[in-house]
Amino acid sequence: MQCLLIYDIPHDGTRQKVADACLDYGLQRVQYSAFVGNLSRTHQRALFQEIERRVRRRSANIQLFPLDEKSWNGRRVLEQRGVDDANNN
């Protein structure tokens, strides 16, 4: 099942640990603090437990949304490179 994981974590080191866990589970980064990917319910629970372990007692807001096929296929995406991106290269 497709899922979306988003987070707001003020501590840099903790934020990196959560991002690493998402990548370890095969999720792809779609924004700075957002990942998507296909995870079974079992892997969703395991990932969330791993994230809880990595966050420990630090401040964090982490949300995982399972998305059914209809919701996933109905998403809208706008991704473009603007002139401001071209000037940075």
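Throughout, read-outs are computed from the coordinates displayed, never taken from laboratory work. Just so it is clear, the structure is predicted and the values come from calculations on it, not from any experiment. Quick reminder, even Gly has a Cβ in these numbers, built from the backbone with ideal geometry, and neighbours come from all protein chains shown.
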### Query
Which value, in debye to the nearest 20, gives the size of the charge dipole of the range 16-89 about its Cα centre, when Lys and Arg are +1 and Asp and Glu are -1 at the Cβ?
380 debye
### Message
Using Cα springs under 10 Å in a Gaussian network model of the chain, which residue among Leu23, Leu78, Leu64 shows the largest mean-square fluctuation?
### Response
Leu78
### Query
With the chain treated as a Gaussian network of Cα nodes joined by springs under 10 Å, which of Asp20, Asp12, Asp68 yields the largest mean-square fluctuation?
Asp12
### Query
Rounded, prolate or oblate: which fits the range 9-61 when a ≥ b ≥ c are the square roots of the eigenvalues of the alpha-carbon gyration tensor, with rounded for a/c under 1.5 and prolate only if a/b beats b/c?
oblate
### Message
Which of the three applies to the range 26-89, rounded, prolate or oblate, going by the alpha-carbon gyration tensor with a ≥ b ≥ c and a/c under 1.5 meaning rounded?
### Response
oblate
